[in-house]
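Right, one structure below, let's go through it.
The values are calculated or read from the model by the stated rules, or taken from the named source; none is laboratory data. Just so you know, these numbers come straight off a predicted model, no measurement behind them. Counting neighbours? That spans all protein chains shown, and the Cβs are built from the backbone with ideal geometry, glycine included. Please note that ligands, DNA and RNA were not included when accessible areas were found on the heavy atoms of the full protein model with its side chains. Shrake-Rupley method; radii C 1.70, N 1.55, O 1.52, S 1.80 Å.
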Amino acid sequence: DSEGEDLWDNAASGSDDDDEDLDDEFDDEEDEEMEGLDGEGLDERKSRKIEARKAREAAMAEAELLDSTMQTNIQGETELYELPDEDEPELMTDVAAVNQRIQEVVNVLNNFKELRDPSKSRQDYMDRLIKDIAQYYGYSHFLAEKLCGLFPVSEAIEFFEANEVPRPVTIRTNTLRTRRRDLAQALINRGVNLDPIGKWSKVGLQIFDSQVPIGATPEYLAGHYMLQAASSFLPVMALAPQPNERVLDMASAPGGKTTYIAALQKNTGMVFANDASKDRLKSLVANIHRMGVKNAVVCNYDGREFPKVVGGFDRVLLDAPCSGTGVISKDPGVKINKTEKDFVDIPFLQKQLILSAIDSVDAKSKTGGYIVYSTCSVVVEENEAVVNYALSKRPNVKLVSTGLDFGKEGFTAFRGKNFHPTLKMTRRFYPHVHNMDGFYVAKFKKMSNKFEDKKDKKENRENGEDEDDDPNDYTGFNDEEDLELIDESKTKLRKKKGIPTHAGK
């Protein structure tokens, strides 16, 4: 539309520095206009304003409820909510009635002392609520109970509601090929209605609607952007790869994070794009070529085989395989196909992978020594529990700030289990709070390449192994050998192209 064109025209006339592009669009006046669009924007400042307004509304509603309760008490006509009889056959058949009952039970739980039925316990109300949530939103009873336990009851309903709505369509500008303002102008000219994703990202754009398929525009085919969820930006931003570093993306397909890493490195250094699934490598290779990435090495190993394959990396990103409880809006099958066994088996794999990721990093790296662990899950077993396990098994690492200035703090205690206090530096992201997929990000700094694990030492001694063996012994990089191989490959390439070679070149 003409308004959008003016917006981007004004942006295009400004500074050429990509760090400054489009930020001026979000002045206070526009922020106020956007306040009414609950859940549509991805700007953290807007989210905070919306949260504050919701809190005020909730406080007013609670005040009205208390006032109403006092009035009825004065008149001696207080009506207590009675839980329905479990044996009523029509209890679960009427969807509208189930929804109404959810609201009433939540209301009782929020004002339990005044509205409870004296013959019923709080657990009775919670059991009823979980059964109704499972029925109304289509979850297994097991998963409904697990997810409900993460939040206060009112917030839990907001979380379940948010999972019924698709997340915004977002794209990431490929700075190896273009700038965000140029890409935005090109897409606006094709009839795409878009906006910057928020102050926290300099390369993201949010697509509101489009007259052309976003995944088939000439700009997409030319590698000017990647269709990528907003939450998927976060682990790479936390990793903060630097030019000329060696980086390992341990579970990289389909390549959104790998190509973002390469863009931040400006195609220098090297990024090892690994994935355990051979079939998924096809999309990874395709995206690497389309996006113009020239510093990537694609490999197909089980992540647990690192660092025996190669180690000594400056940084490692482990976006671990997970249950997908943060992306239910994309994959509704998660609602019913996850069992208690999954939340034992998946964290077991994640714990093995995170130890391999830590061991693959060189603590003596001049610029790095960092590991980022992330999942698209919201459950504690796959997030804080895994990170806490890594801290206990690898005393040579510590948690550091993710560098992300928004998101909820990670849990330091959950249901009677206490975690390391530094877990508050990890970050949680929720669909109902940040309008992006549920996500978790933790960042480690490796302090030393050696560590002493008493259990491992005992096992080594029992197996007759040398106690002095370095548990982090791996095949690393040799800069001198690398330079020789690079020169040799350049010589072969010149010969192949018919370019004359010279001694010493």
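Within the range 405-431, being crowded, with 18+ Cβ neighbours inside 10 Å and within 14 Å of the chain's Cα centre (by Cα) holds for 407, 410, 426, 427, 428, 429, 430, 431.
Scanning the range 161-179 for residues that are open to solvent by less than 30 Å² (accessible area, probe 1.4 Å), within 18 Å of the chain's Cα centre (by Cα) and not charged (D, E, K, R) turns up 162, 163, 170, 171.
Among the residues of the range 266-276, the one identified as in a loop (DSSP other than H, G, I, E, B), more than 19 Å from residue 483 (Cβ to Cβ) and either open to solvent by less than 40 Å² (accessible area, probe 1.4 Å) or β-branched (Val, Ile, Thr) (or both) is 275. Can you name every residue in the range 416-465 that is at pLDDT below 90 and in a loop (DSSP other than H, G, I, E, B)? Scanning the range 416-465 gives 416, 450, 451, 452, 453, 463, 464, 465. Of the helices (runs of 4 or more DSSP H) entirely within the range 288-396, those holding at least 1 residues that are small (Gly, Ala, Ser) and touching a residue at least 60 places away in the same chain (Cβ under 8 Å) occupy 342-359.
Kindly provide the set of residues from the range 305-321 that are basic (Lys, Arg) and modelled with pLDDT of 95 or more, ordered by number. Spell out the reasoning first.
Start the filter on the range 305-321 by keeping residues that are basic (Lys, Arg), which leaves 308, 315.
Matches in the range 305-321: 315 only.
Being at pLDDT 95 or above, over 17 Å from the mean Cα position of the chain (by Cα) and surrounded by 16 or more Cβ atoms within 10 Å (Cβ to Cβ) is the requirement here; does residue 345 meet it? No: the conditions fail for residue 345. Looking only at the range 180-208, filter to residues that are part of a helix (DSSP H, G or I) and among the small types (Gly, Ala, Ser); which one of those is surrounded by the fewest Cβ atoms within 10 Å (Cβ to Cβ)? Checked the range 180-208; the qualifying residue surrounded by the fewest Cβ atoms within 10 Å (Cβ to Cβ) is 186. Can you spot a residue in the range 224-233 that is touching a strand residue (DSSP E or B) at 6+ places or on another chain (Cβ under 8 Å), open to solvent by 10 Å² or more (accessible area, probe 1.4 Å), closer than 23 Å to residue 328 by Cβ and of a type in the set (Phe, Trp, Tyr)? Within the range 224-233 (the criterion being touching a strand residue (DSSP E or B) at 6+ places or on another chain (Cβ under 8 Å), open to solvent by 10 Å² or more (accessible area, probe 1.4 Å), closer than 23 Å to residue 328 by Cβ and of a type in the set (Phe, Trp, Tyr)), the answer is no, since none of the residues qualifies.
Answer with yes or no whether residue 130 is buried (at least 18 other Cβ atoms within 10 Å of the Cβ), in contact (Cβ under 8 Å) with a residue 24 or more places away in the chain and either hydrophobic (A, V, I, L, M, F, W, C) or in a strand (DSSP E or B) (or both).
no
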